[in-house]
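S.K.: My structure is below; once you've seen it, I'll send some questions.
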Amino acid sequence: DQAELAISKTTPPPSRRKSPDSSMLAIVNSLLPSKTSKKRCLVLPMVFAVGGVERNTVEIIRELRNEFEFLVVTTERHTEAKGSLIYQLDEIGVNSIDLAEISDNVHHMKLLASLKSNFEPELVWICNGSPWLVANSLQLRRLFATIPVIDQQVYDIKEGWIEHYHTRGIQASN
């Protein structure tokens, strides 16, 4: 079941063509971790495939989970070909939400605003970029303007993410 893979819960996703209505927001909010006294960190890898960044992210979360309550939120669709390491987050008790399973990406900013309001992160950690991130970087910066943002990207000197380095929302830092 794709929903179980991506959301790591068995709740079937609503139609992906709808705007984020109350049922979608309810699904997102039902996947939030319980509030604790730990600092809250919203982790935004655009996908959590089987790769080096994702493995590194799991290890960092594993080491810091006693100090931080992590919530991992992806925006890109997981595919069978690329695999998924969501199961490793499940193993260490970290909640994850795949927004691509809930709604089309045009509604992700509204869903992220709801997550911000209900999860109340004190830190945002972007650990893998995507075309969606580039297109929405200024909106993300505005949404999380009062929260420190760690934007961890791998840069080649000529190709890849470096091509977007001078984009206003990407270049901004806290």
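The values are calculated or read from the model by the stated rules, or taken from the named source; none is laboratory data. What you see is a predicted model, and the numbers here were worked out from it, not measured in a lab. Accessible surface is based on the protein model in full, side chains and every heavy atom, while ligands, DNA and RNA are left aside. Shrake-Rupley method; radii C 1.70, N 1.55, O 1.52, S 1.80 Å.
S.K.: Please report, as a whole percent, how much of the solvent-accessible surface of the stretch 13-112 comes from carbon and sulfur atoms (probe radius 1.4 Å). Don't skip to the end; give the middle numbers.
M.R.: On the way: 2220 of 4560 Å².
It is 49 percent, rounded to a whole number.
S.K.: From the Cα gyration tensor of the stretch 17-91, with a ≥ b ≥ c the square roots of its eigenvalues, which class applies: rounded if a/c is under 1.5, or else prolate if a/b is larger than b/c, or else oblate? Can you show the working numbers first?
M.R.: Numbers: a/c = 2.48, a/b = 1.09, b/c = 2.29.
Oblate is the answer for the stretch 17-91, as a/c is 1.5 or above yet b/c matches or exceeds a/b.
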